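Enquirer: Pasting in a structure now, in C-alpha cells, and then I'll have a few things to ask.
Bear in mind these aren't lab numbers, they're just calculated from the coordinates by the rules spelled out. These figures come from a predicted structure and were not determined experimentally. For neighbour counting, all protein chains shown are included, and Cβ atoms are generated from backbone atoms with ideal geometry for every residue, glycine included.
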C-alpha cells in the first residue's frame, strides 16, 4: 500500500517523532511510513525526467512503494554520506555518494505543495544558508541585524577597530566558515575571528508554512517581527524556519540567526506541520510525481 | 573597480584580466596562490553588509568594488594549503590561508556588488536532473532521462529510444558515451548505484554564454557524442558564432536569471526538426576554449558587465 504520509529523516529526529505521534493521535486510518537515508540508498529507483516533468518509482527491499502521487512528505533528511555505500572502494564510494545525493536532490525537488522542505539548490531539505548569508537575507527581508563581524586575521581586527573586540561583543565561531575546530586556537596572533554583540533578551519565532509562531511568553514582542520572520522564510523558500532575535538595551529587536532544520520545535509548529500534511493528503493528485501500483514491476 | 579572484594564469581569468587592461577598466587581482597576503573582514552595518579586503598590502573597502569575477579552485588542491604541499611549512600559515579563502567564499555570497557567480547560485549544477526540472520550466525541451538501479527498466528504456547515452547524475565531470549492450556498464552492475541514461538527441550542439542580458552563441560541428573529448577519440570539432532565434536567446537569459547566474554556459542542441533542447547550465563556464575557437568577445562582455558605471561607457 502506498503511504499517505512519508516521513524522511533519522529515527531519532525529535521533530519527526513528534509529528508522527500527533498524526497517529489525530487519525487512525492514515498510512504513515518512515524512511531513513540508508533505506533510500538501498531502495529500487526509477526516476524519470523529461519534457512532461518528473516521475519516480521508489520501492523498498520488499517491493513496497515509498511514495505515491498522493503522498505528503515531511523531509528532514540530513545527508550523512559516511553511512552510505560503505562496501565500495574509496574512489567508487566518493563518486557513489555524490551521485546518490544528486538523485535525491532531483527526487525531492518537488512538487512543493506535497513536500515540506523540498530540496533546493543549496540543501537537500530546504535552503541551507551559512550565517553571513542569513544575515544578508534578513536585511533584505527588512529585519535589522545584530552587530557582528568576522575576519581572517586578528591583526587586522586591531588595525581596523582600535584594540581588540568591540565593546559588548563575544566570540562567535560559527561566523567563521570552516573554522569551528581546535585549529582556531593554534593560529596565534593571526587567527581568524568571529564576534557578535550579546543581547539582553533573546526570543525565537518559528515559522511553518508562512505562519509565525512566536513563543507564548513573548506577548511584548511586536507583531511586525512575526511578519518579518515570515517574509524571511518566504524569501529564502523555507517551509519551516526558526528565527532568533535579540534585544539590545532599549533598542529594537534584531535578527541574530536562523535555522531551517531546527532540532526541536514548539507545539504550535508541530501542530502546523501536522495540519499541513493532513491537508496535503489527497491534494497532490495534480502533482507530477507518480508511482506505479504496488507489485507492478 | 573589478576584483578578479582565482589563479590569474588560468584561461578564463587570464582573458578577463587582459580585457580589463585593454579596455582601461580599473581592477584588482586576488591570486589564490598568494592567499597568505589576503585578509578579509566582514561586518554588519545599518546599510547592509560591509567589509574590507587587504590584498598584498592594499586596503580595499568592499563598497569600492563594482563587480567580482571569481574562478576559485578548491582550496584543498592549492600547494600552499596542503599539509604536504610546498610553500607553507608553518601549519598556522596554512590554516590562515584556508580561513582567508573560506571567508572569500563567504564574501562572494554577500558582497553588495554583482558577482560572477555567487557560490550559492552554483548548487543546481550538483544534480543534472534537478537542474533539468528548472530548465524544463524555462521552456526548453530536455532529453528523456532515466536514473535507475533496475536493469530491466534500463533495458526497456534502451529498447524504447533506440540510442541512449549515459553520464554522471551529479556535477562530477564525466565523458558522455553512447550505451549499447557491448559498450558501457553492464545492466547487472547498475544494482550497485542508480545510473543516469538519456535518449540520444540528434542535432547540432550550440554553446551559449549568457552575460547579464547578452547571449554569445557558438555553433559546434563535431562527429563526437561529447565534442569536448573529440580529439581523444580521433575526431574533430569546429566552432563558429551563431545568432540565436530571439525566443531561444530570451529563454537562455531567463533561465540564467532563474538560477541566479549573471554568467552561465548553456548547452543547447538544435534538432534537425528545429527543436531546441537544453542539456545543462554550467555556472562557472570555462569560456576561454569557446572564445578562442569562435572569436566571440565573451571576456569583454564579462568585464563590461562588472565595470563601474563611469568606465562602462568608455569601454
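Enquirer: Roughly what % of DSSP beta bridges within chain A run antiparallel, to the nearest 5?
Expert: Antiparallel bridges: around 75 percent, rounded to the nearest 5.
Enquirer: Calculated from DSSP H runs of 4 or more alone, at -39500 (n - 2.57) each and per residue, what is the 222 nm mean residue ellipticity of the protein assembly as shown, nearest 500?
Expert: -8500 deg cm²/dmol
Enquirer: Tell me the Kirkwood hydrodynamic radius of the stretch A:1-130 in angstroms, computed as one over the mean inverse distance between distinct C-alpha pairs.
Expert: 15.5
Enquirer: Going by alpha carbons, how many degrees (0 to 90, nearest 10) lie between the helix axis of B:11-23 and the longest principal axis of chain B?
Expert: Taking Cα atoms only, the helix is inclined about 50 degrees.
Enquirer: On a C-alpha basis, how far is the centre of the stretch B:248-307 from the centre of the stretch B:39-106 in Å? Whole number, if you could?
Expert: 29
Enquirer: What percent do you get for the relative contact order of the stretch B:2-117 when only Cα pairs under 8 Å and 6+ apart count?
Expert: Result for the stretch B:2-117 is 28 percent.
Enquirer: Oh, and also: For the residue pair residue B:64 and residue B:156, what label-to-label distance in nm results when each label sits 7 Å from Cα along the Cα-to-beta-carbon direction?
Expert: Result for the modelled spin labels: 6.5 nm.
Enquirer: Return the single residue from A:169, A:105, A:90 with maximal mean-square fluctuation; model: Gaussian network over chain A, springs between Cα atoms under 10 Å.
Expert: Ranking A:169, A:105, A:90 by mean-square fluctuation puts A:90 first.
Enquirer: For chain B, report the % of Cα-Cα distances exceeding 25 Å.
Expert: When every Cα pair of chain B is considered, 56 percent fall beyond 25 Å.
Enquirer: Binning at 10 angstrom from zero up to the longest distance, how are the C-alpha pair distances of the stretch B:144-199 distributed in percent?
Expert: 25, 64, 11
Enquirer: Let me ask something additional. Just the number, please: Stokes-Einstein D of the protein assembly as shown in µm²/s, Kirkwood Rh from C-alpha pairs, 37 °C, 0.692 mPa s.
Expert: Approximately 125 µm²/s, per Stokes-Einstein.
Enquirer: Determine, at each q value in 0.11, 0.12, 0.16 (inverse angstroms), the log₁₀ of I(q)/I(0) that the Debye formula gives when each Cα of chain A is one equal point scatterer.
Expert: Listed by q, the Debye log ratios stand at -0.77, -0.88, -1.27.
Enquirer: Would you mind telling me which residue in B:116, B:190, B:62 has the biggest mean-square fluctuation in a Gaussian network model of chain B, where springs connect alpha carbons within a distance under 10 angstrom?
Expert: B:190
Enquirer: Using only the alpha-carbon atoms, how far is helix B:151-161 inclined from the longest principal axis of chain B? Give it as 0 to 90 degrees, nearest 10.
Expert: 80
Enquirer: Mind putting together the pair-distance distribution for the stretch B:2-117? All Cα pairs, 5 Å bins, whole percent per bin, short to long.
Expert: 2, 11, 22, 23, 20, 12, 7, 2, 0
Enquirer: I would also like to ask the following. If the viscosity is 1.306 mPa s and the temperature 10 °C, what translational diffusion coefficient in µm²/s does Stokes-Einstein give for the stretch B:252-297 when Rh comes from Kirkwood over Cα pairs?
Expert: Roughly 134 µm²/s, to the nearest whole number.
Enquirer: Oh, and also: For the stretch B:2-117, what is the percent of antiparallel DSSP beta bridges, rounded to the nearest 5?
Expert: The antiparallel proportion sits near 50 percent.
Enquirer: Now a separate question. Enter the angle in degrees (range 0 to 90, nearest 10) between the Cα long axis of helix B:128-137 and the first principal axis of the Cα atoms of chain B, meaning the one along which they spread out most.
Expert: Tilt of helix B:128-137: around 90 degrees.
Enquirer: Further question on the same structure: Kindly work out what percent of the DSSP beta bridges joining two residues of the protein assembly as shown are antiparallel, to the nearest 5.
Expert: Once the DSSP bridges in the protein assembly as shown are tallied, antiparallel ones form about 80 percent.
Enquirer: For residue A:87 paired with residue A:267, estimate the spin-label separation in nm (one decimal), with each label point 7 Å from Cα along the Cα-to-Cβ line.
Expert: Rounded to a tenth, the inter-label distance reads 4.7 nm.
Enquirer: Relative contact order for chain B: what is it in percent, counting Cα pairs under 8 Å that are at least 6 residues apart?
Expert: Rounded, it is 19 percent for chain B.
Enquirer: A further question on this structure: Describe numerically, in nm with one decimal, the distance between label points set 7 Å from Cα along Cα→Cβ at residue A:12 and at residue B:309.
Expert: Between residue A:12 and residue B:309, the simple spin-label model gives 5.6 nm.
Enquirer: Pick from A:214, A:131, A:263 the residue whose mean-square fluctuation is largest in a GNM of chain A, springs joining Cα atoms under 10 Å.
Expert: Among A:214, A:131, A:263, the largest GNM mean-square fluctuation belongs to A:263.
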